[in-house]
Amino acid sequence: MPRDKVDAVRRLQDQGKVIAMAGDGLNAAAALAQADLGLVMGAGAGTDAAIAAADRTLVRGDLRAAVDAIRLPRRTLRTIKGNLFWAFACNVALPLATAGLLNSMIAGAAMAFSSVFVVSNSIRLRGFRSAG
């Protein structure tokens, strides 16, 4: 029953757990809204309320798509953080060269490396393979 689903989600949240709920219809709408991450699957009768309550809508009615909906954003965020780290680390060379503490050729090479690294690291996301 819908109320039992909400109670189960709340009980797990009270234990300090982060809850992702996947559902496909009206009976799951309240639990989808209560969960930390609500995923509605498929498109059929009775899913309008679930779509409105969920955080994400999965086009495929396959539960493995829920795994991808979590894995891909995590991998993307990890890539962004890595890109920012290396971009800032390599860009430190510019002020050092300006202050005369570093050869300008090394600073130029660091800037070029930064650009190549960020682009090639981002392209790796194209290799993401679905769980299903």
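For the residue pair Arg129 and Ile106, what label-to-label distance in nm results when each label sits 7 Å from Cα along the Cα-to-beta-carbon direction?
4.1 nm
Using θ = phi - 60° and the Karplus relation 6.51 cos²θ - 1.76 cosθ + 1.60, list the HN-Hα couplings for region 49-62 in order, rounded to whole Hz, with x at every Gly or Pro.
Per residue, the Karplus-derived 3J(HN,Hα) values read 5, 5, 4, 5, 7, 7, 7, 9, 10, 9, 5, 7, x, 10 Hz.
Would you mind checking which residues have amide H under 5 Å from Arg60's amide H? H placed 1.01 Å from N; only 5 or more apart, or other chain.
Under 5 Å from the amide H of Arg60: Gly42.
Could you state the angle between the C-alpha long axis of helix 2-14 and the longest principal axis of the C-alpha atoms of the chain, as a value from 0 to 90 degrees rounded to the nearest 10?
Helix 2-14 sits roughly 40 degrees off the main axis of the chain.
State, to one decimal in nm, how far the label point of Asp36 lies from the label point of Phe117, with both points 7 Å from Cα in the Cβ direction.
Computed distance between label sites Asp36 and Phe117 equals 3.1 nm.
If the label point is 7 Å along Cα→Cβ of Asn83, which residues in region 108-132 have backbone nitrogen under 14 Å from it?
Counting backbone N atoms under 14 Å from the label point, the list is 114-127.
Where a number appears in this text, it was derived from the coordinates with a stated rule and is not lab data. All figures in this text were calculated on a predicted structure; none of them were measured in a lab. Positions of Cβ are backbone-derived with ideal geometry, glycine not excepted, and every protein chain shown enters the neighbour counts.
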